[in-house]
1. Applying the Karplus parametrisation 6.51 cos²θ - 1.76 cosθ + 1.60 with θ = phi - 60° to the phi angles of the stretch 124-131, what ³J(HN,Hα) value in whole Hz is obtained for each residue in order, glycine and proline being reported as x?
2. Among Ser232, Leu326, Ile207, whose Cα sits farthest toward the positive end of the charge dipole of the chain (+1 at Cβ of Lys/Arg, -1 at Cβ of Asp/Glu, about the Cα centre)?
3. If you rank Ser346, Ser121, Ser35 by fewest surrounding Cβ atoms within 10 Å, what's the result?
4. Sorted by mean Cβ packing within 10 Å, highest first, what order do the peptides 160-171, 234-245 take?
5. Obtain the nm distance between the two label points defined at Ile3 and Asp103 by a simple spin-label model: each point lies 7 Å from its Cα along the Cα-to-C-beta direction.
6. Among DSSP bridges having both ends in the chain, what percentage is antiparallel? Round to the nearest 5.
7. In nm, to one decimal, how far is the modelled label at Leu153 from the one at Ser252, with both set 7 Å along Cα→Cβ?
8. Placing unit charges on C-beta atoms (Lys and Arg positive, Asp and Glu negative, everything else neutral), compute the dipole magnitude of the chain about its Cα centre in debye, rounded to 20.
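Nothing in this text is a laboratory measurement; each read-out follows from the coordinates by a stated rule. This structure is a prediction, so every number in the text was calculated from the model and none was measured. Positions of Cβ are generated from backbone atoms using ideal geometry, with glycine treated the same way; all protein chains shown enter the neighbour counts.
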Amino acid sequence: MPISTLHNVRFAGMATCVPKRIVSNLTDCKPQLRSERERLVRNIGIEQRRMAPEWQCFSDLAFDAAEVLLAQLEWRREEIDALIVVTQSPDFLAPATAIILQDRLGLSHATVAFDVNLGCSGYPFGINLLGSMIAAGGVKKGLLLVGDRGASLNDPIFSDAGTATALEFCADAAPMYFDLNSDGSGHKAIILPVGGHREPVDIQHLIPFREDENDHWHRMIDLKLDGSAVLSFSTQRVPPAVEKLLDYAGASKDEVDYFIFHQANRMINETIRKKLGLPVEKVPSTLRDFGNTSGASLPVTMTVRINKELEEGSKRVLLSGFGIGLSWGACLLNIDGAKFPDLIES
């Protein structure tokens, strides 16, 4: 969509919930993979991840985050007009997880609830979507639940998390600025090739096969990721998009308190930071302890690294998400007087 501005929308608060289980990329692997994992950790910067037990869905984490956030905001359930869930880890293929959560959270039947199928870029898109409904005047208060459940012992990158963000109508709110983009020609760079109507799941897709001599095993139903394509896309598209958004908003880098980027891996994130000439202290990271939490990585980083600073006073924050699709989006917003509960473990 064209670069845009939203008025009368206030960022009221945000909460993050992660599983209690901590998985180490260095020790929770086969002994023969230890030396390779040590090299990998040095490159990608991910030492630990959070992994949900089999029974726990993304929606359970998002539910817990929403409950804590609503309690701190002291919002009444009947006041909430919209519930948007951004995830690629739904409870079921149908119905939408948002509608199930509308009931679990005790929200009114008048609440509009629906899912958005986006991953690593999803947080800025979700804020724009819910914010647009508020700016249009039909919604006064809304919840945005973002996250995924994609962690496994075999994959050293992904981690599980669920987040809840509250937006509300406020005539005095500072403008929110957005730049959202999509490039479907790169859709094969990050893809789950099996499970949709193009290729429904069959028995052969469930059988593990050895990928290489390093004892890596894979199944056709597992995520496929082209690392070099993702690296090229991220480092080429994100920096100019950030510059473009700042120029549109009439803001300098010095006027932004924090730049929060999707936590992809150390190589990608450091390249982006250096291309933009940003100081390390303005670019908090959670890669080392939480890995890549997909669409939740922006809220996770705000909660874990700067939640107290964000509660103290007015802060200007630029959020940038990028990945599967391929898609990338950024938003620049002012956070003032918002609630940021400490990290929730469930």
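1. Residue by residue, the stretch 124-131 yields x, 4, x, 4, 5, 5, 5, x Hz.
2. Of the listed residues, the answer is Ser232.
3. Taking fewest neighbouring Cβ atoms as first place, the list is Ser35, Ser346, Ser121.
4. By packing density, highest mean first, the sequence is 160-171, 234-245.
5. Modelled inter-label distance: 4.5 nm.
6. Bridges in the chain that DSSP calls antiparallel: roughly 70 percent.
7. Roughly 5.4 nm, to one decimal.
8. Rounded to the nearest 20 debye, it is 540 debye.
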